[in-house]
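A.B. asks: Below you will find the structure I want to go over with you.
A short reminder: the numbers here are calculations on the coordinates, not readings from a lab. Keep in mind that what you see is a predicted model, and the values were worked out from it rather than measured. Ideal geometry is used to build each Cβ from the backbone, glycine not excepted, and the neighbour counts take in all protein chains shown.
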């Protein structure tokens, strides 16, 4: 769902908004319910029937907000903040600032939504019973012609809708709440969030195919509105389930692939006892790099020396100055350890700036060079059907 929305309210410090597509849903619900209420409540004028439909639409979307507030308020107890709650064409969504970090968090945050729906449905049932006897409420919930009271029809319909939402959301198919609950259980049993996400995602994709089949059947049967609605829901669930699996696979790559796996093991380097003239002739001139690692006789990393610094010494008439006097060393010399993850490399400002970084172990020995291109290709390979593009290293970065 697009991140844009129109602000409707602020509840518990959380912004409640509506995506532009929500206005289409509101219009369709009012039009359909206005006609149905007019049929089952013949004593109502057409204007009154549509006014009742507007009230019913408000009750429906209010129930969705209660559902999403359940997620938001329980998430807040675990330190998960809610950016906003947005209504859109196919329902509502709470935009949380992070995922659950434990199976328990996942389970409780997911279950809180259906619990909110249960409360909203219970309120509708209570209000309907207060206005009628039980049998009349059931008639109203099913929009039968026997319903004679507008209030009973309103709350009976609200109870029925919340019952459907409650059952639908508990289907174990990601991204529905039931799918998230299933993921929490699988996560607890396997101890592996990624595997649990794959299981829940596959369930979601299977359910989406089932809904799509129902939608096609409805279209073939002449039920155009129902068919389109089923197909839209199938598309949303299928896309979200696939995105969850893809995100999980990428996350796995980000946390398991390391600099030691991506590095080039025989990069160019400059001996610490070399002169500026030797560095120019043996490294910077032939390979046209912007910088190079400087190593001592034992292969220990001393720092880096830049082409600009070497060129400056040569222009100043000091070709014999030792490279060790020109290097950037200590904490100012960028480097990574072999164990550094792909996630850390992607957020490395020195890697983006220099195009590559020396890979140095804890003993101070340089083991290789990791390039920005190799990191980018590793990320691309994590995508479905992805692979490295085989492009050369970024200009100015040392290469093997």
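A.B. asks: Measure of size requested: the Rg and Dmax of the chain, with Cα atoms as the atom set and Å as the unit; please supply both.
C.D. replies: Expressed in Å, the Cα Rg and Dmax of the chain come to 31.1, 104.
A.B. asks: Which FRET efficiency value, to the nearest 0.05, is calculated for residue 77 and residue 35 with the Förster distance at 56 angstrom and r the Cβ-Cβ distance?
C.D. replies: The pair residue 77/residue 35 has a calculated efficiency of 0.80.
A.B. asks: What does DSSP give for the chain in terms of the percent of beta bridges that are antiparallel, rounded to the nearest 5?
C.D. replies: Working: 26 of 34 bridges.
So the antiparallel bridges in the chain amount to around 75 percent.
A.B. asks: For the stretch 182-255, what is the largest minus smallest coordinate of the Cα atoms on each principal axis, given in angstrom and ordered from greatest to least?
C.D. replies: On the principal axes, the stretch 182-255 reaches 49, 23, 12 Å in Cα extent.
A.B. asks: Let me ask another. Any chance you could list P(r) for the stretch 1-170, counting all Cα-Cα pairs in 5 angstrom bins from zero, rounded to whole %?
C.D. replies: P(r) for the stretch 1-170, in whole percents per bin: 2, 9, 16, 18, 18, 14, 10, 7, 4, 1, 0, 0.
A.B. asks: Next question. Rounded to whole Å and sorted largest first, what semi-axes of the equivalent ellipsoid does the C-alpha gyration tensor of the stretch 294-345 yield via the square root of 5 times each eigenvalue?
C.D. replies: Taking √(5λ) for each Cα gyration eigenvalue gives 28, 13, 7 Å.
A.B. asks: Based on alpha-carbon atoms only, what is the radius of gyration of the stretch 219-262 relative to the globular estimate 2.2 N^0.38 Å?
C.D. replies: So the stretch 219-262 has a normalised radius of gyration of 2.03.
A.B. asks: A further question follows. Going by how many other Cβ atoms sit within 10 Å of their own, how do 318, 4 line up, fewest first?
C.D. replies: 4, 318
A.B. asks: OK, next. Given the C-alpha centroids of the stretch 280-307 and the stretch 261-276, what is the distance between them in whole angstrom?
C.D. replies: Centre-to-centre distance over Cα atoms comes out at 6 Å.
A.B. asks: Continuing with the same structure: Restricting everything to alpha-carbon atoms, can you work out Rg to Rh for the stretch 238-329 with a Kirkwood hydrodynamic radius?
C.D. replies: My calculation puts Rg/Rh at 1.30.
A.B. asks: Also, quick follow-up: What number, in percent, do you get for the relative contact order of the chain if the mean sequence gap of Cα pairs under 8 Å and at least 6 apart is divided by its residue count? Walk me through the numbers before you get to the answer.
C.D. replies: Working: 722 pairs, mean separation 40.7, N = 400.
Reported relative contact order: 10 percent.
A.B. asks: Based on other C-beta atoms within 10 Å, arrange 266, 194 from fewest to most.
C.D. replies: Final ranking by Cβ density, sparse to dense: 266, 194.
A.B. asks: How high is the relative contact order of the stretch 317-370, in percent, with contacts defined as C-alpha pairs under 8 Å that are six or more residues apart?
C.D. replies: Numbers: 40 pairs, mean separation 15.7, N = 54.
Answer for the stretch 317-370 is 29 percent.
A.B. asks: Over all alpha-carbon pairs of the stretch 158-219, lay out the pair-distance distribution in 5 Å bins, whole %, shortest bin first.
C.D. replies: Each 5 Å bin holds this share of Cα pairs: 4, 20, 20, 19, 17, 11, 6, 3, 0.
A.B. asks: Please report Rg over Rh for the stretch 26-96, where both radii come from the alpha carbon positions and Rh follows the Kirkwood definition.
C.D. replies: 1.19
A.B. asks: Taking the 0 to 90 degree range and rounding to the nearest ten, how far is the long axis of helix 177-190 tilted relative to the main principal axis of the chain, both from C-alpha atoms?
C.D. replies: So the inclination is approximately 50 degrees.
A.B. asks: Give the angle, between 0 and 90 degrees and rounded to the nearest 10, that separates the Cα long axis of helix 224-256 from the longest principal axis of the Cα atoms of the chain.
C.D. replies: 30
A.B. asks: Can you tell me what share of the DSSP beta bridges in the stretch 6-142 is antiparallel? A percent to the nearest 5 is fine.
C.D. replies: Around 75 percent of the beta bridges assigned by DSSP in the stretch 6-142 are antiparallel ones.
A.B. asks: What whole number of Å gives the distance from the Cα centroid of the stretch 148-170 to the Cα centroid of the stretch 233-259?
C.D. replies: About 35 Å separates the Cα centre of the stretch 233-259 from the one of the stretch 148-170.
A.B. asks: In addition: For the Cα atoms of the chain, what angle does the longest principal axis make with the long axis of helix 46-77, in degrees from 0 to 90, nearest 10?
C.D. replies: With both axes taken from Cα atoms, the answer is about 40 degrees.
A.B. asks: Would you kindly calculate the translational diffusion coefficient of the stretch 259-382, applying Stokes-Einstein with the Kirkwood radius from alpha carbon pairs, for 20 °C and a viscosity of 1.002 mPa s, and quote it in µm² s⁻¹ without decimals?
C.D. replies: Stokes-Einstein gives a translational diffusion coefficient of 145 µm²/s.
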